[in-house]
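Data first, discussion second: the structure below is written as structure tokens.
Quick note: the coordinates plus some simple rules give every number you see, no bench work behind them. Just so we're clear, the structure is a prediction, and the values are computed from it rather than from any experiment. Cβ atoms come from the backbone with ideal geometry, glycine included; neighbour counts cover every protein chain shown.
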């Protein structure tokens, strides 16, 4: 700034606005660029303020409808209005410079008042979901700053931080719900495995039964064919003689199988020493025992 006794002009930077006072009284606005000042008329360059967008960061502690204390962090963006008239028909720049000593403090007071009147009407979950409604409420209330020459550009709720104990409890509730869902899914998976295993066992037993039935049918068919073939070759033999011979053959086959398997149980059948004509009766007697 140049001394008024030696020069008659001054410079105002871009995005700033000042005032020219005559005898300490407002005379006119000093817009960006070269401004002439007449010291001989007792003119001086007065207050200079920025017209750039500025931000105020606030942290407001309040409680919700369900009595949970939370800290709400807000960012209020504002700037000096230019080339407009306020409700008092004065230039907005004049109002911004002369109406308030500390505009940030006034904005802080309005924000604290609005947040502490809005959030207690919400529970914690709704406060998290409706952060935009809190910001909108703050911006609507701060429109009153226009009569002081300030325009609110945007209000943002940047964070909502509940008490650490409440946060831990919420995390535990969420973890418990997820564990419950995981246990349910695991139970469903186990159920599927049990059902599939039972179906597999049922199918296996069914196929095993079919195999045994086919085996027995094949044995019966083979015995019938053997008897018919024997009778065709030897007319003197009766079907009973043929059955006794086949039964004796199967008996010895069974003994060979039992002897080869160490884990098999053995059934002792009384055997006649005087001949083979009573083998059939002896085998049938052993089976009945």
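Listed values, structure above:
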quantity: Per-region count, segment 134-150, residues surrounded by fewer than 14 Cβ atoms within 10 Å (Cβ to Cβ) and either outside any helix (DSSP H, G or I) or without any contact (Cβ under 8 Å) to a residue 24 or more places away in the chain (or both); calculated: 2
quantity: Some residue of segment 69-83 being under 24 Å from residue 156 (Cα atoms), part of a loop (DSSP other than H, G, I, E, B) and touching a residue at least 24 places away in the same chain (Cβ under 8 Å); calculated: yes
quantity: Positions within segment 86-125 being within 34 Å of the chain's Cα centre (by Cα) and without any contact (Cβ under 8 Å) to a residue 40 or more places away in the chain, in sequence order; calculated: 114, 117, 118, 125
